[in-house]
Structures are given as structure tokens and as C-alpha cells.
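Enquirer: The structure is given below, and queries will be raised subsequently.
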Amino acid sequence: MDTQLVVARIGKPHALRGEVTVQLHTDDPESRFVPGATFPTQAAAGSGVPRELTLRSARLHQGTWLLAFEEVPDRTGAEGLRGTRLLADAAPAGAGDDADDAGESEEGFYEDELVGLDVLDPAGARLGRVSGLEVGVAQDLLRVTLEGGDRDGAEVLVPFVRAIVPSVDLAARRVVVDAPPGLLELEA
């Protein structure tokens, strides 16, 4: 069975017909989000979110993707989906010609690949662990949970750009963060 990866996180409802905003974790929404496609879900226990959602419609509205599902007819139902992650099967490594088939595109990584990686400074000292990825319009942000010291357990957002994150080693399960002064003191 293929590995399942997060392709979107559901945000707030939009209008009255059950549409929701989504934070994308895929670089090809046009082919991924087609009516009739089904997505396994990852939601909080007891949330009442169906284990699978069937896409009714997908559209781009003012730079934001809006999705609607067969199982969710109205805004009330859409509100209950907030925070739910939509999953899809990832092709096995080496299946096909596109670099994205291996889970890594030329431009980035899947959130599931990054979460749990150790975060080190350039000298190799442990700073914490990657706890999430915030996909943005201008740049993505790594959510890092700091470990040790007076900031133990604090979450910070680190711009996921080569100047600050010069190295991601999935095999070694680590990310190097060369943070400018003050960056790790900012709260997420």
C-alpha cells in the first residue's frame, strides 16, 4: 500500500453552500482536486468528520482554493471540517519521470516528510523538532518546537528558504536552521 500524504488542510467555511478554504500541500491542485475524487481524512477523534470525503467542486477564488464535498451540504457542516487534513496516496519512489513522484519536488517537500525531523543549528547543536509546515503565498514556514533551555516547548515559525534552512536531509532525519539573531525568540 502506498504512503498517504497530506495534500490540503481545511480552513474556514466560505459562503452558505458548504464550501471551505484550504491550505494546499500539493503543487498541482488542478489535477489533484477534480470533482468525484475521494480523499481519506485525518481529523480529531470524536470530531464527526467522515473517514473519507468526495469532492463535489473545486475553484480558485481571489487566490484561495475553495472545495465543496458531497457529504457536506451547508455552512454548518463545513464548519465541522475546520482543521481536517485531506490525504492522498503518494506514488512509490522512482515511479514515473516526475521528481514529485518520489515525494520531493524540485521546489519542496511534503509536510509528512518534514514533521518529526530534528532541527540543528549549523554547528550541529540540537534546537528542537519540526512540528509542521505552514504553506504561504510568498514562502512556506517550518513550525519548530524548541527543546531545552528557557524556551523548551515554545513554537516558532522559520522561513523555509535556502538562506535560513540550507540543508534538509530526509535520510538522516534532520534539518539545519541558520537562524538570524532574534528569529527563534519570536512566538509562532
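The values are calculated or read from the model by the stated rules, or taken from the named source; none is laboratory data. Remember, it's a predicted structure, so these values are computed and weren't measured experimentally. Using ideal geometry, Cβ is built from the backbone for each residue, glycine included, and neighbour counts are taken over all protein chains shown.
Enquirer: Residue check: is residue 133 at negative phi and without any contact (Cβ under 8 Å) to a residue 60 or more places away in the chain? Please lay out each step first, then the result.
Expert: Numbers: at negative phi: yes; without any contact (Cβ under 8 Å) to a residue 60 or more places away in the chain: no.
No, not satisfied.
Enquirer: Now for a different question. From the list 83, 18, 63, 11, pick out the single residue that is over 29 Å from residue 142 (Cβ atoms) and either modelled with pLDDT of 95 or more or not assigned by TED's automatic domain parsing to the domain that holds residue 169 (or both).
Expert: On the way: 83 fails: over 29 Å from residue 142 (Cβ atoms); 63 fails: over 29 Å from residue 142 (Cβ atoms); 11 fails: over 29 Å from residue 142 (Cβ atoms).
Of the residues listed, the single one that is over 29 Å from residue 142 (Cβ atoms) and either modelled with pLDDT of 95 or more or not assigned by TED's automatic domain parsing to the domain that holds residue 169 (or both) is 18.
Enquirer: Taking the stated definitions as given, is residue 6 buried (at least 17 other Cβ atoms within 10 Å of the Cβ), within 24 Å of residue 110 (Cα to Cα) and touching a Gly at 6+ places or on another chain (Cβ under 7 Å)? Step through it out loud before you land on a result.
Expert: Values: buried (at least 17 other Cβ atoms within 10 Å of the Cβ): yes; within 24 Å of residue 110 (Cα to Cα): yes; touching a Gly at 6+ places or on another chain (Cβ under 7 Å): no.
Judged against the criteria, residue 6 is not a match.
Enquirer: Only residues that are at pLDDT below 90, assigned to a loop (DSSP other than H, G, I, E, B) and surrounded by 15 or more Cβ atoms within 10 Å (Cβ to Cβ): list them for the range 101-147, please.
Expert: 103, 105, 108, 110, 135, 140
Enquirer: Please state which one of 77, 46 is more than 25 Å from residue 115 (Cα to Cα) and out of contact with any helix residue (DSSP H, G or I) (no Cβ under 7 Å at 6 or more places or on another chain). Before you say what the answer is, go through the steps one by one.
Expert: Values: 46 fails: more than 25 Å from residue 115 (Cα to Cα).
Among 77, 46, only 77 is more than 25 Å from residue 115 (Cα to Cα) and out of contact with any helix residue (DSSP H, G or I) (no Cβ under 7 Å at 6 or more places or on another chain).
Enquirer: Of everything in the range 148-187, what is in a helix (DSSP H, G or I) and crowded, with 17+ Cβ neighbours inside 10 Å? Give them in sequence order.
Expert: Initial filter on the range 148-187 (in a helix (DSSP H, G or I)): 149-151, 183-185.
Answer for the range 148-187, where residues must be in a helix (DSSP H, G or I) and crowded, with 17+ Cβ neighbours inside 10 Å: just 184.
Enquirer: Of the residues 39, 69, which single one is farther than 28 Å from residue 139 by Cα, buried (at least 18 other Cβ atoms within 10 Å of the Cβ) and outside the structural domain of residue 115 (by TED's automatic domain parsing)?
Expert: 69
Enquirer: Same structure again: Filter the range 1-37 down to the residues that are charged (D, E, K, R) and without any contact (Cβ under 8 Å) to a residue 24 or more places away in the chain and list them by number.
Expert: Looking only at the range 1-37, we keep the residues that are charged (D, E, K, R), and these are 2, 9, 12, 17, 19, 27-28, 30, 32.
Hit for the range 1-37 is 30, nothing else.
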